[in-house]
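The values are calculated or read from the model by the stated rules, or taken from the named source; none is laboratory data. These numbers come from a predicted model, not from an experiment. Cβ coordinates were reconstructed from backbone atoms using ideal geometry, including for glycine residues, and neighbour counts include every protein chain displayed.
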Amino acid sequence: AEQPLHLQVNGRAHALAGVPREATLLHLLRNDLGLNGPKYGCGLGQCGACTVHVDGVAARSCVIPAHGVAGRDITTLEGLGMRGRWHPVQAAFEDAQAAQCGYCLNGMVMQAAALLARDPHASEARIRSELSGNLCRCGTHIEILDAVQRAAV
Ligand code: FES
């Protein structure tokens, strides 16, 4: 029989049997593990809605094969923070009211959190370039930039 897929997600180990070769990490997180933090936007690696961390680095889960990240450390929004114990980036987004429809937001938060983990005092230019691949169709980029700058103290 095929070996189960071992994944480490939000600090918890999972052994998943019968995961198809072509399954994406996004599909597995949402459909098998019930983690809806990562969103399905384009499915092509082009919008950032599905952003998670793989070993602390922002990555697009819609184009990552689930089997390709066996044994790696995956973090979704659910593992970053929760109500009552927000990650500083989440708290800053709330303070800045940086959401309109909110669909892009989880990916934006994950992308920004990964940046600030390696560069806690990231400049505005650095934040802009880091988030340039995360699309927001409502056009709340100014508020989002403000939120990330609040977190980058
Ligand atoms: Fe993954 Fe758009 S859904 S980048």
Residue pairs meeting the criteria (Cβ under 9 Å; at least 6 apart or on separate chains; first within 16 Å of Leu33 (Cα to Cα), in segment 67-83; second basic (Lys, Arg)):
His67/Arg21; Gly79/Arg12
Within segment 33-42, of all residues that are surrounded by fewer than 17 Cβ atoms within 10 Å (Cβ to Cβ) and over 13 Å from the mean Cα position of the chain (by Cα), the one farthest from the ligand (Cβ to nearest atom) is Gly34
If we keep just the residues of segment 1-30 that are in a loop (DSSP other than H, G, I, E, B) and under 19 Å from the mean Cα position of the chain (by Cα), which is surrounded by the most Cβ atoms within 10 Å (Cβ to Cβ)?
Asn10
Leu35 vs (1) outside the structural domain of Asn10 (by TED's automatic domain parsing); (2) touching an Asp or Glu at 6+ places or on another chain (Cβ under 6 Å); (3) not basic (Lys, Arg): all pass except (1)
Is at least one residue of segment 43-61 more than 16 Å from the ligand (Cβ to nearest atom) and not in a loop (DSSP other than H, G, I, E, B)?
no
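Would you be able to tell me the number of residues in segment 18-30 that are within 14 Å of the ligand (Cβ to nearest atom) and either β-branched (Val, Ile, Thr) or farther than 16 Å from Gly68 by Cβ (or both)?
Going through segment 18-30 one residue at a time, the tally reaches 2.
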Quick one: what pairs do we get from segment 127-138, first residue under 15 Å from Leu44 (Cβ atoms) and in the same structural domain as Ala58 (by TED's automatic domain parsing), second modelled with pLDDT under 95 and among the basic types (Lys, Arg), C-beta under 6 Å, 6+ apart or different chains?
none
